[in-house]
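Enquirer: Please see the structure below; I have some questions.
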Amino acid sequence: MKRILRGLSLCMMLAACGSGNGDDKSIGFETLTKEKTVSITNESGAPACSVRLELACAKESAGERAKAINNAVASQLLNMEGLSLKQAADSFANSYTRGYVKNFAPLYREDRNDPEKRAWYEYHYNINSETTDGREGVTIYTAIVDYYEGGAHGINQKIVMNFDNKTGKLLTLRDIFVPGFEQRLNEMLLNALVEKADAKDESDLRDRGYLYAMDMFAPENFVLGKKSVTFVYNHYEIASYDKGIIELELSYDDLEELIELDD
């Protein structure tokens, strides 16, 4: 007999956003764009910091659900609380570029005569996002974050949020999985990583640069898809940078003891 989800029955959720099926629980989205570029000094040809945010924004017609979704997006992607998504985007762009000038203009003035160091000061911070249908009644919100803040390379991140269409709630692992799921799920993810890396065992994984400073864990960064749950690990979370973004997929059949399945 299947275990019951704590505090949530996914099978009762309704169709996800953008389906256009006339369901009064559907959630529409529009794209909110914010761009801002600021030079590090007033000198001609000086390096600059550019911010470009393309954020999927839940339409006001969804009422309180839209507010819940947009608040979560502002918090998760921009670290902004208590603001509308537009206000959060404006505030983030202004704060980020202002901090760039304040913190790095003095350093640039010392380095500006060294052409090899100029590229160090060409900063950018970009977010592109989209929404798709996930498991029945779930909207998957995916954001690709790309930024460069000096150093040898930029950083790319994939950030995923899953929203209950009925309430606008951001779903967490504890909403989806039964109590006490952690150990068994971690074991399954470890086995999936061994297989994906074509390794012999956990020791072999560590020798190859995986789990070099941590144990296996289930991230809150996951995709609640139609047939499976995909766990997303960004750079450095479970492997060295060269391994890139790692995604581990577990089918609902595999997870039947940990998660409720629709009949």
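Enquirer: Only bridges with both residues in the chain count here: give the DSSP antiparallel percent, nearest 5. Intermediate values should be presented prior to the final figure.
Expert: Details: 43 of 49 bridges.
Just about 90 percent of them are antiparallel.
Enquirer: Working from Cα positions, state the angle (0 to 90°, nearest 10) between the long axis of helix 182-196 and the longest principal axis of the chain.
Expert: Long axis of 182-196 versus the principal axis of the chain: about 70 degrees.
Enquirer: By its C-alpha gyration tensor, with a ≥ b ≥ c as the square roots of the eigenvalues, how is the stretch 93-203 shaped: rounded for a/c under 1.5, else prolate for a/b larger than b/c, else oblate? Kindly include the intermediate steps, with their values, before the conclusion.
Expert: Details: a/c = 3.26, a/b = 1.73, b/c = 1.88.
Verdict is oblate for the stretch 93-203.
Enquirer: Beta carbons within 10 angstrom, averaged per residue: use that to sort the peptides 133-146, 104-117, 74-87, highest first. Mind dumping the intermediate values first?
Expert: On the way: 133-146: 20.5, 104-117: 12.8, 74-87: 16.5.
Peptide ranking by packing, descending: 133-146, 74-87, 104-117.
Enquirer: So, one more: Taking N as the number of residues in the stretch 87-135, what is its Cα Rg relative to 2.2 N^0.38 Å? Working shown, then result.
Expert: Values: Rg = 16.4 Å, N = 49, 2.2 N^0.38 = 9.7 Å.
Ratio of Rg to 2.2 N^0.38 Å for the stretch 87-135: 1.70.
Enquirer: How much accessible area per residue does the chain have, in Å², with a 1.4 Å probe?
Expert: Numbers: 13800 Å² over 263 residues.
Heavy-atom SASA per residue in the chain reads 52 Å².
Enquirer: Something else about it: Just to confirm the number: angle between the C-alpha axis of helix 85-111 and the first principal axis of the chain, 0 to 90 degrees, nearest 10?
Expert: With rounding to tens, the tilt is 40 degrees.
Enquirer: For the chain, find the longest principal axis of its Cα atoms and tell me its angle to the long axis of helix 64-78, 0 to 90°, nearest 10.
Expert: Tilt of helix 64-78: around 50 degrees.
Enquirer: Right, something else. Do you know the relative contact order of the chain, to the nearest whole percent, from alpha carbon pairs under 8 angstrom that are 6+ apart? Numbers along the way, then the final one.
Expert: Numbers: 496 pairs, mean separation 53.1, N = 263.
Taking the mean separation of contacting Cα pairs over the length of the chain, I get 20 percent.
Enquirer: Now, a different point. Taking the Cβ of GLY45 as the center, what net charge do the other residues with Cβ under 11 Å away carry, scoring Lys and Arg +1 and Asp and Glu -1? List each step's numbers first, then the result.
Expert: Values: positive: ARG112, ARG118; negative: GLU43.
Combined, the nearby Lys, Arg, Asp and Glu give +1.
The values are calculated or read from the model by the stated rules, or taken from the named source; none is laboratory data. Since we're looking at a predicted model, the values are computed, not measured. For neighbour counting, all protein chains shown are included, and Cβ atoms are generated from backbone atoms with ideal geometry for every residue, glycine included. Heads up: the accessible areas ignore ligands, DNA and RNA and are worked out on the full protein's heavy atoms, side chains in. Shrake-Rupley method; radii C 1.70, N 1.55, O 1.52, S 1.80 Å.
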